[in-house]
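The values are calculated or read from the model by the stated rules, or taken from the named source; none is laboratory data. Owing to the predicted nature of the structure, the values given are computational and were not obtained by experimental measurement. Positions of Cβ are generated from backbone atoms using ideal geometry, with glycine treated the same way; all protein chains shown enter the neighbour counts.
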Amino acid sequence: MQRSRFWKRAIVLVDMNAFFAGIEQRDDPALRGRPVAITNGLTGTCIITCSYEARAAGVHTGMRLREALERCPDLIQRPSRPERYAAVSTAIMQALHDVCPDVEIFSVDEAFVDVTPCQKLHGPPERIARLLKDAATAASGVTCSVGLSGDKTTAKYAAKLHKPDGFTVIPPWEARAALRDVPVTELCGVNRGIGDFLAARGVITCGDMARLPIGELARRFGNPGRRVWLMCQGLDNEPVRTEVPPPKSIGHGKVMPPDTRDPQVIRIYLLHMSEKVGARLRRHAMVAQQFFVGLSTREGWLADTWRSAVPTDDGRVIYGFARQLLRDYWRGQGVFQVQIRALDPQPADGQLGLFDPGHASRPCNAVMDAVNGRYGEFALAPATLLRRSDMPNVIAPSWKPFGHRETILYGFVGGGVEGTRRARRHGGHGDI
Ligand SMILES: [Mg+2]
């Protein structure tokens, strides 16, 4: 039932269905209608995501391939192609933007669109939501589920209700009633910590929230707590954010063969990540002076932060810190993952510091960047990297097609159980 034509606020969430697997099925007709699982390279043992046909057979994200094959013997394994997924994601976001310019890229396969101002141009919100759904599908060849409501939280909840190919409208005046019996922890952004706090006060469903004074949540969790109180009642006033914030760090990590103890192999991974961080800083004309280097071991992370004499974008300088970590902290433990991050990167001012240790390598880096820009990443690289692992790039759930996050991160998803857990912690981005 529609009481008013013009909504005071109208928010759409577009969520692509089984995004990576959907792209594989679109690109290869032989895969359509078949159970497909995406892994990290052909040697990957952990399922990053899978098609709906595979889901119907009980296969899910994070499952070991061997177990998945037991449940679904005709499962077809395909290696992840992050560059392809990134290109399709960019096309989708552009298509949404062409319908309505206020787009917040929420993850690689999800976007919020504030369609309130477009009502004058395109008519009722339901019509605009249909336009967005059709645009996303046309741009990608993959179906999507769309949720429309008067706020972000309810729109996201609505999109989740019908998958795949869903279209769910919860008018703002019905949002509160629609959420009443929904467990608070089902809402995007309500983590276990807040969920436990609420449960201890008898708040299990969104409807229970009305009995709890807003001040109690605000005192314990500040503004995020206040937002949760509003969210549960269909009153989430969080705006659709169209700007991508500048990065607090630029980093690369990579999952290694489990329990790697060969120092030469660890050094190659560290050099590889150092060079990637350096190249990415240079691509965005940024420099940094603080660098985090970490190795994950069975006992936890061996990690430290170093400061360079002057801000730098040189992979060799960064690798120097990685060597230092090995020298000072590593005692032969098995390593599972390496991570290197440039902290608080700043725009480079283009001046060459006289004492900049990266000074001498600047012309060399410029040539390397130019060659790699034309012939592909690491076409030209330090000779040691010829022996680097051929594990493919992996797309992170927080990947966004504009600005600094354009680069695909290494090893964060699907590289193992930790990768999957991390993806889950990011807040419901599991369905890629
Ligand atoms: Mg999705």
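Things worth noting here:
- Some residue of the stretch 14-25 being free of Cβ contacts under 8 Å to residues at least 24 places away in the same chain and either of a type in the set (S, T, N, Q) or in contact with a strand residue (DSSP E or B) (Cβ under 6 Å, 6 or more places away or on another chain) (or both): no
- Here GLY33 passes the criteria (1) crowded, with 16+ Cβ neighbours inside 10 Å; (2) at positive phi except the one numbered (1).
- Residue count for the stretch 9-37 under the criterion of being within 16 Å of the ligand (Cβ to nearest atom) and within 25 Å of PHE112 (Cβ to Cβ): the result is 13.
- Between VAL113, VAL108, VAL88, VAL146, the distinction of being surrounded by 21 or more Cβ atoms within 10 Å (Cβ to Cβ), over 23 Å from GLU238 (Cβ atoms) and within 16 Å of the ligand (Cβ to nearest atom) belongs to VAL88 only.
- Among the candidates LEU198, LEU161, LEU212, LEU230, the residue that is farther than 30 Å from PRO125 by Cα, surrounded by fewer than 22 Cβ atoms within 10 Å (Cβ to Cβ) and modelled with pLDDT of 95 or more is uniquely LEU212.
- Residues that are farther than 30 Å from ARG180 by Cβ and within 16 Å of the ligand (Cβ to nearest atom) do not occur anywhere in the stretch 117-134.
- All positions within the stretch 88-108 that are among the β-branched types (Val, Ile, Thr) and under 17 Å from VAL142 (Cα atoms): VAL88, THR90, ILE92, VAL108
- Across the stretch 202-251, the qualifying residues are those that are in contact with a strand residue (DSSP E or B) (Cβ under 7 Å, 6 or more places away or on another chain) and not in a loop (DSSP other than H, G, I, E, B), and the one among them that is farthest from GLN346 (Cα to Cα) is THR205.
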